[in-house]
Amino acid sequence: FSCNLSHLLCSFLGLLYQEYRDKSTREEIETRRLQDSQTDPEETSPSEETPSETESTSTTENKAPPQINLLRNSNSRFNLWQDLPEVQSSGVLSILQPDEIKLQEAMFELVTSEASYYKSLNLLVSHFMENERLKKILHQSEAHILFSNVLDVMAVSERFLLDLEQRVEENIVISDVCDIVYQHTVNHFSVYITYVSNQTYQERAYKQLLQDKPAFREVISQLELDPKCKGLSFSSFLILPFQRITRLKLLVQNILKKVEEKSDRESTALDAHKELETVVKACNEGVRKMSRTEQMISIQKKLEFKIKSVPIISHSRWLLKQGELQQMNGPKTSRTLRTKKLFREIYLFLFNDLLVICRQIPGDKYQVFDSAPRGLLRVEELEDQGQSLANVFILRLLENADDREASYMLKASSQSEMKRWMISLAPNRRTKFVSFTSRLVDCPQIQCVHPYVAQQPDELSLELADVLNILDKTDDGWIFGERLHDQERGWFPSSMGEEILNPKIRAQNLKECFRVHKSDDSQRRKLGSRNRQ
């Protein structure tokens, strides 16, 4: 089996990780589509528990996930654990429960995907980083920013893969992989934080090199055309480590959903997941910290204070939203006037702890005329006020720059923009639908079918197959959602996803999510509260 496994993993290396990941997530999407359309909601109640062992064989066979059929498609090029000749000839498939077979597949996918990832990393190093022509073009400092500590990342992946291979070789039935994930995450995966934290500088350096060095642009283009790259861009290789560490957490989540409850394997999976979550959060914070510091410096330079100056730059402050709104002239009682121009432009900078209200002045500058701590803001929507007051809301500053209460009647350009401002200004205000943290039995959900890159600080970047609770939606095509696997919140276009209509599937998604996060329930509530801010 050892020899054949090595051969299998070598053949698996034919798939670059970008291809593997794309195929895997798209098949995950198709699986949910089939489950959503085929499962009869009347069959069982959403809160029904997993069938007992005595009935699990027949029940699970009837409800076997479509994923298995999809993966068996001859065009798939995926290898399943149960399709290995050694597994089929051993007779274990007739002995193991269907749930255990699904667990074997989940663990096997973690191993094979690591092999594919290592293949892509190896190509980034051997084909791009070590290319002699590229070495001559790049200054040592430029090469360092561009490739960072990728050699350390590759060495960690190789060691991790060797330990995973050894475990699979021990027995046809894999005992566990999460204990290996845990050990490597704790002892070695800090290299990912270093690599990902450099991402802002890496992206900027790459753009600058493309712009300033025609020779660099030419060599990269030629290297990308090599059949080894399978039409994939150089930048898709650079972003691999961040994609992998995030995906690894999801693969462990998938295992966690399939292990028997209150077992040693569940305990190990929970430990591995918790450590991976710590690394992923540190990676995210590393990226944000770099870009936030520069952004705050840029904003500070643009502000001129008409009132007492407020220091903008702080290590614990970052921008949540900025933009233009229309302020109603005159007192609140004049809202019924229709004859003269009621509104004038103002510009808001909303930070996580502070609101600054300005008017734009010549020279790309902003004159600050009021401010308030974010915790002392309240919002109120105006309803049924006629067309001229559509998308209008009242912003109250309980204590403004003059230490008094102030109110502003503000008009947004659209319904979605109004809702986005209201949720950002007052994050604890109730949304249209109940959030994840309420543990409601049912809540609208959406599955991401098109990746989305956030364009504004209050938006949420989406990966294929992400599942989110819908907290609010607008008539002009925007959704405010909370992603199940990490409880991150933000806005995104509704066209990026497909709503999950089956209440049983929604309940199953929630139940699995609660199970993944049950090891530290209080931390989850704290995280949900922080993300609302």
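The values are calculated or read from the model by the stated rules, or taken from the named source; none is laboratory data. Computed from a predicted model, the values in this text were never measured in an experiment. Positions of Cβ are generated from backbone atoms using ideal geometry, with glycine treated the same way; all protein chains shown enter the neighbour counts. The accessibility values were calculated without ligands, DNA or RNA, using every heavy atom of the protein model including side chains. Shrake-Rupley method; radii C 1.70, N 1.55, O 1.52, S 1.80 Å.
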Between LEU462 and residues 5 or more places away or on another chain, the pairs with built amide H atoms under 5 Å apart involve TYR452, VAL453, ALA454
Can you send over the carbon and sulfur percentage of the accessible area for the stretch 445-528, probe radius 1.4 Å, protein chains only?
50 percent
Arranged from highest to lowest average of other beta-carbon atoms within 10 Å per residue, in what order do the peptides 107-120, 401-414, 148-161 appear?
107-120, 148-161, 401-414
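Could the peptides 455-465, 486-496, 227-237 be put in order, highest first, of the mean number of other beta-carbon atoms found within 10 Å of their residues?
Numbers: 455-465: 17.5, 486-496: 19.5, 227-237: 14.6.
Per-residue mean Cβ counts within 10 Å order the peptides as 486-496, 455-465, 227-237.
Which order do VAL379, VAL252 take by accessible area at a 1.4 Å probe, largest first?
The ordering from most to least exposed comes out as VAL379, VAL252.
Lysine pairs in the stretch 143-264 8 or more apart or on different chains: how many have alpha carbons under 28 angstrom apart? Write out the running numbers ahead of the final one.
On the way: LYS207/LYS228; LYS207/LYS230; LYS213/LYS228; LYS213/LYS230; LYS230/LYS249; LYS249/LYS257; LYS249/LYS258; LYS249/LYS262.
Qualifying lysine pairs in the stretch 143-264: 8.
On average, how much accessible surface per residue is there in the stretch 195-276, in Å², for a 1.4 Å probe, leaving out ligands, DNA and RNA?
That works out to 46 Å² for each residue.
Send over a whole-number figure in Å² for the accessible area per residue of the stretch 445-528, probe 1.4 Å. Let's see the in-between values first.
Working: 3100 Å² over 84 residues.
That works out to 37 Å² per residue.
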